[in-house]
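The values are calculated or read from the model by the stated rules, or taken from the named source; none is laboratory data. As the structure is a computational prediction, the values presented were derived from the model and not from experiment. Note: ideal-geometry Cβ built from the backbone for every residue, glycine included; neighbour counts use all protein chains shown.
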Amino acid sequence: MHGMTATNASSPAVDVRPPAAAGNARWRVLAVFSLGFLVSYIFRGVNLGFAPHLVRELGLTAGDLGLLTSFYFLGFACAQLPAGLLLDRFGPRRTEAALLLLAVAGSLVFASAPGMVGLAAGRMMIGIGVSVCLGAAIQALSMWFPLSRMPLLNGVVMAIGGLGAVVVGTPLAWLLSWTDWRTLSAAMGGVSLAMAVLLWFGVPDVPRVGRESLAEQLRGTREILCSERFWRVVPLTLLNQGIFLAVQTLWVTAFMRDVQGLAAADSARYVSVIGMAMMTGCVGAGWAARHLERAGISLYAFAGFGMMGFIAIQGLLMLRVPVPLAVLWAAYGVFGSSGILTYAVLARRFADAMIGRATTALTLTVFLATFAFQIGIGFVLDFWPATDGHYPPAAHLSVWAGLVVLQVLAAAWYLMGRRPG
């Protein structure tokens, strides 16, 4: 199938093969980089728990919340292309450890901010600081493990990171019951610093024989961004991941409250259900992809099936079908995580020395989409009158209907890529 075309020839400029005695080192690489992504994911969704406190203390509107939260994704997205160059030039260990120091500073700025400007600046700094946590993990694993194991390993990374989605549900609500959001933000700065130290001193490097020049790196980046192999998977992936992240990290509790009539405690529980389901889906999809390929079903086709399943689940939630909400929100988490499989698709389509740039380029599109959706959802909701911060169900359903239409169009484009040739 066209979706399985691969160009995995190693670049002569960079040797990214692990030493023969990889042994326990590769599992240490998996563990440490997965923890780094966990820190990133907690940062990603923490405003979900902070939102009511920010509204109460600072009087923010839905549009303000969307704008504030999206600054994380804006910083994250803007850093992706430079981060890809850094990853392919200096390697994942040094790049991620250095950038995490900016997340430390951003956490302290956010914790001490008196108003919207300081909060937004802190969130943007955090976004830049954790911008390589996923790309660095994928690049490091591609150096230490066979590419055939990447769907499963990427799923493991996403599952461990998905613990962050669980943390920002009931556990975060419990923490906020006995301390405040400023203290927790400062504490996250301490966690980020500890993670940077662990990366710097606790992870081995793969010997690198040579480096591409900056001009060669820029040519490679242009090749990726002009490639049909790249743009065939991008539209559906960015919508799948962008919508899932925008909703999961900010708007899902408002939907549960206004459309499904859930109390805050029930919403927090379902947020944790989504997080746990996402973890299960990441590992399960990675395991299934490897076995289905042996049966002749391509990774490209399986990833597409998962992302189209996400469209169907959104439709069921909108229609309020008589299915237990725990089942529907669990399915939302499982299928919402399916876009991660396309990172493994890209790892097979580009040379080893370009994997860092290919994955960060995809992440750039995902987080630009997330930035736009977080702001856009709040902007559209504000067209309806809010009563005590609540919006009518029609407001949320109109937003979701528009997002589903976009995903259906992108799915049609994705399916065209399955033709041979």
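Can you name every residue in the range 161-175 that is among the β-branched types (Val, Ile, Thr) and not in a loop (DSSP other than H, G, I, E, B)?
Of everything in the range 161-175, those that are among the β-branched types (Val, Ile, Thr) and not in a loop (DSSP other than H, G, I, E, B) turn out to be Val166, Val167, Thr170.
All but one of (1) at pLDDT 90 or above; (2) not in a loop (DSSP other than H, G, I, E, B) hold for Gly356; state the number of the condition that does not hold.
The failed condition is (1).
Which of the residues that make up the range 171-202 are buried (at least 19 other Cβ atoms within 10 Å of the Cβ) and more than 21 Å from Leu102 (Cβ to Cβ)?
Listed by number, the residues that qualify are Leu172, Ala173.
Before we move on, is Ser112 farther than 18 Å from Met188 by Cβ and polar (S, T, N, Q)?
no
Among the residues of the range 324-333, is any touching a Lys or Arg at 6+ places or on another chain (Cβ under 8 Å) and either surrounded by fewer than 23 Cβ atoms within 10 Å (Cβ to Cβ) or not aromatic (Phe, Trp, Tyr) (or both)?
Within the range 324-333 (the criterion being touching a Lys or Arg at 6+ places or on another chain (Cβ under 8 Å) and either surrounded by fewer than 23 Cβ atoms within 10 Å (Cβ to Cβ) or not aromatic (Phe, Trp, Tyr) (or both)), the answer is no, since none of the residues qualifies.
Looking at Arg222, Arg208, Arg149, which is the one that is modelled with pLDDT under 85, part of a helix (DSSP H, G or I), basic (Lys, Arg) and closer than 23 Å to Phe33 by Cβ?
Just a single option satisfies the conditions, and that option is Arg149.
For the range 40-60, which residues satisfy the criterion of being in contact (Cβ under 8 Å) with a residue 60 or more places away in the chain and under 19 Å from Leu74 (Cβ atoms)?
Listed by number, the residues that qualify are Ser40, Tyr41, Ile42, Phe43, Arg44, Gly45, Val46, Asn47, Leu48, Phe50, Ala51, Leu54.
For the structure I just gave you, tell me whether Thr237 is among the hydroxyl-bearing types (Ser, Thr, Tyr), over 26 Å from Leu30 (Cα atoms) and either modelled with pLDDT of 85 or more or more than 20 Å from the chain's Cα centre (by Cα) (or both).
No; evaluated as a whole, the condition is false for this residue.
Residues in the range 363-397 that are touching a helix residue (DSSP H, G or I) at 6+ places or on another chain (Cβ under 7 Å) and assigned to a helix (DSSP H, G or I): how many?
21
Take the residues in the range 377-403 that are of a type in the set (Val, Ile, Thr) and crowded, with 17+ Cβ neighbours inside 10 Å, then tell me which one is nearest to Ser70 (Cα to Cα).
Across the range 377-403, the extreme among qualifying residues is Ile377.
Please go through the range 240-261 and pick out each residue that is farther than 12 Å from Trp400 by Cα, aliphatic (A, V, I, L, M) and at pLDDT 95 or above.
Met256
Can you name the residue in the range 225-234 that is out of contact with any Ser or Thr (no Cβ under 9 Å at 6 or more places or on another chain) and either basic (Lys, Arg) or part of a helix (DSSP H, G or I) (or both) and is also nearest to Tyr414 (Cα to Cα) among such residues?
Arg232
If I ask for residues that are charged (D, E, K, R) and either outside any helix (DSSP H, G or I) or under 19 Å from Gly66 (Cα atoms) (or both), which ones from the range 84-140 would you list?
Once the filter is applied, which keeps residues that are charged (D, E, K, R) and either outside any helix (DSSP H, G or I) or under 19 Å from Gly66 (Cα atoms) (or both), the range 84-140 yields only Arg123.
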